[in-house]
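The values are calculated or read from the model by the stated rules, or taken from the named source; none is laboratory data. In this text the structure is predicted, and so the values were computed from the model without any measurement. Glycine gets a Cβ as well: all are built from the backbone with ideal geometry, and neighbour counts include every protein chain shown. Just so you know, the surface numbers come from the protein's heavy atoms only, side chains and all, with ligands and any DNA or RNA stripped out. Shrake-Rupley method; radii C 1.70, N 1.55, O 1.52, S 1.80 Å.
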Amino acid sequence: MDIVCSQQELHLFQIIGKVAAVTETECYLIGGFVRDKLLGRATKDADIVTTGDGIALAHAVADVLKPRPTVSFFKTFGTAHIRYRDFDIEFVGARKESYRTDSRKPDVTPGTLRDDQLRRDFTINALAISLNSNDFGKLTDPFNGIADMQECLIKTPLDPDITFSDDPLRMMRAIRFATQLNFKIIPETFEAIRRNAGRIKIISQERITDELNKIMAAKKPSVGLHLLYISGLLEYFFPQFVALAGAETREGRGHKDNFYHTLQVIDNLAEKSDNLWLRWAALLHDIGKPPSKRYEEGHGWTFHGHEVVGERMVPKIFKQLKLPQHDKMKYVGKLVGLHMRPTCLAKDEITDSAMRRLLFDAGEDLEDLMTLCESDITSKNEAKVKRYMANFELVRQRLIAVEEKDKIRNWQPPISGDDIMVMFNITPSREVGILKNCIRDAILDGIIPNNYEAALALLLEKAAELGLHKADA
Ligand code: CTP
């Protein structure tokens, strides 16, 4: 396994080695940079570990670079960072660490390179490459990280109970690496995750979600989501997702396991789109099913209105997981709320009015909604899948035709709520909503044409019914 570095990287590493030599300390490349280079993955940051003082080394390196980069450092952690051109370099002194049980903040004492490697999370992240002039480029691999990399294994250098209890975020990292790299977590390490899952509670939600999003952004997110579920971790921070699991049977009637169905939908979608928030919509599309599940005698299981319940759950889940509020949350909520609509259109007699309503409600997110709905087809029955897909194609074509004719997608009704308030000299109220919706619905349903005159005539008629009169009348 070879490492290929750019000229710029090589030049920088030689400088760092020379600067360290002046203070008679050693330094090594370590961690993700070494791992990703060996795997042929792109990297844009490097970690350097030194047997001396990391902050002092960063300053000394910055002094010889032109232009001199700024050094940012954290005295308590003994780490320093410089950004040189488009490359981020992190310096840290080699250390022995022991963690306290109630926090992620370690008690740090200086150590040897080996001590430092031993305290790292996985064998594939503990590989070090010398930057010292006597053995520049030499790999130090005390825990057979190269062999694990070749066999695609995630394994801790220490007893996994110690590694995970030292820093429980590593349980999420193990699953994230297994997903991103398509590696297997060895059974001993995985069992330790199960045993220590409860310790995830001391980790901040932001850090957990950061790892979760990396899993969601991977080629096949289901790998990590499934591991999170079977390890018991998921239950601690996302119980609503776990609630989808299981299939109940009554009177010989069952329903599908909505957890595994959802995993399939996410993978289907991940093949079509890299949009993280569309992937989140896939994850959450059926989240309202457990609370809306009913058994109807002689009929079977129903999940009526689960899309509405799901849409309402989105803000709470986003808040709980510390995901961004506002735009992204609204987008995901909207798609969850609309995800049954194209499917219903594909089943029913398609009217132009239903098409216009979908165009209006989905607006610029219509294509994403269609992608979500296609991903939602997870039947194993090929003939069924073919039929659904053909129906969707029909819906798409009809949507295009109606849009060409009526231009509904970015349409706004010819009379707005503000217009209504001015016209009748009223403040925001229930009446404004009634009148606004009445105009919108009449146009979408094709009852009146889409123009100002027709809208005004209808408005005056409806306003009179509500006892309202034009302000200037
Ligand atoms: N590390 C660790 N335990 C952690 C986080 C990091 O032991 N909880 C060590 C690992 O050796 C890791 C290195 O610190 O390789 C750098 O960590 P980081 O930059 O967070 O991750 P990378 O491994 O570089 O991977 P990525 O950039 O994909 O997050």
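List of remarks:
- The range 354-430: mean projected area of Cα convex hull, nm²: 7.0 nm²
- Sequence-distant aspartates and glutamates (8 or more away, or on other chains) whose Cα lies within less than 13 Å of Lys18: Glu26, Asp63, Asp135
- The chain, relative contact order [Cα under 8 Å, separation at least 6], %: 8 percent
- Near the amide H of Ile154, within less than 5 Å, lie the amide hydrogens of Lys184, Ile185, Ile186, all on another chain or at least 5 residues away, with H placed in the peptide plane.
- Area of Thr70 that stays accessible when all protein chains are in place (1.4 Å probe, Å², to 10): 120 Å²
- Computed from point charges on the beta carbon alone (+1 for Lys and Arg, -1 for Asp and Glu), the dipole magnitude for the range 171-314 about its Cα centre is near 400 Debye.
- Rounded to 10°, Cα long-axis angle of helix 352-362 versus longest principal axis of the chain: 30 degrees
- Among 368-379, 281-292, the order from most to least packed when residues are scored by Cβ within 10 Å on average: 281-292, 368-379
- In the range 20-91, the GluC sites (Glu not before Pro) that fall in loop regions by DSSP, at most 11 other Cβ within 10 Å: Glu24
- Cut-off 13 Å, label 7 Å out along Cα→Cβ of Lys18, residues of the range 126-170 by amide N: 133
- Considering only Ala455, Phe392, Thr43, the residue lying farthest towards the positive end of the dipole of the chain is Thr43, judged by Cα position with unit charges set on Cβ.
- Which listed pairs, of Lys184/Lys293; Lys75/Lys220; Lys214/Lys407; Lys37/Lys272; Lys138/Lys219, have C-alpha distances above 30 Å, in listed order: Lys184/Lys293; Lys75/Lys220; Lys214/Lys407; Lys138/Lys219
- DSSP-defined antiparallel bridges as percent of all bridges, the chain, nearest 5: 80 percent
- Whole-percent carbon and sulfur share, accessible surface of the range 19-166, 1.4 Å: 52 percent
- Loop-resident sites, the range 215-270, for GluC sites (Glu not before Pro), counting at most 11 other Cβ within 10 Å (DSSP): Glu248, Glu251
- Counting protein heavy atoms only, the range 232-272 has 45 percent of its accessible area on carbon and sulfur, 1.4 angstrom probe.
- Rolling a 1.4 Å probe over the protein heavy atoms gives the chain an accessible area of 49 Å² per residue.
- Within the range 378-473, the trypsin sites (Lys or Arg not before Pro) that combine a DSSP coil assignment with at most 10 other C-beta atoms in a 10 angstrom radius are Lys380.
- FRET efficiency, 1/(1 + (r/R0)^6) with R0 25 Å, evaluated for Lys316 and Tyr236 via beta carbons: 0.90
- FRET efficiency, Glu461 to His326 (Cβ-Cβ, R0 41 Å, nearest 0.05): 0.60
- Cβ-derived FRET efficiency at R0 30 Å, Thr76 paired with Leu39, nearest 0.05: 0.40
- Rounded to two decimals, the Cα-based Rg/Rh of the chain, with Kirkwood Rh, is 1.10.
- Against the chain, whose longest principal axis comes from its Cα atoms, helix 452-465 is set at around 70 degrees.
- Full extension of the segment from Arg194 to Gln397, taken as 0.36 nm per residue of separation minus the current Cα-Cα distance, would add 68.2 nm.
- For the chain, the longest principal axis of the C-alpha atoms and the axis of helix 306-320 are separated by about 40°.
- Nearby aspartates and glutamates by direct alpha-carbon distance to Lys386 (threshold 15 angstrom, same-chain neighbours under 8 apart not counted): Glu374, Asp376
- Accessible area in the full protein assembly, largest first, 1.4 Å probe, for Lys334, Lys44, Lys272: Lys44, Lys272, Lys334
- In this rough spin-label picture, where each label sits 7 Å from Cα along the Cβ direction, the Lys219-Arg409 distance is 3.2 nm.
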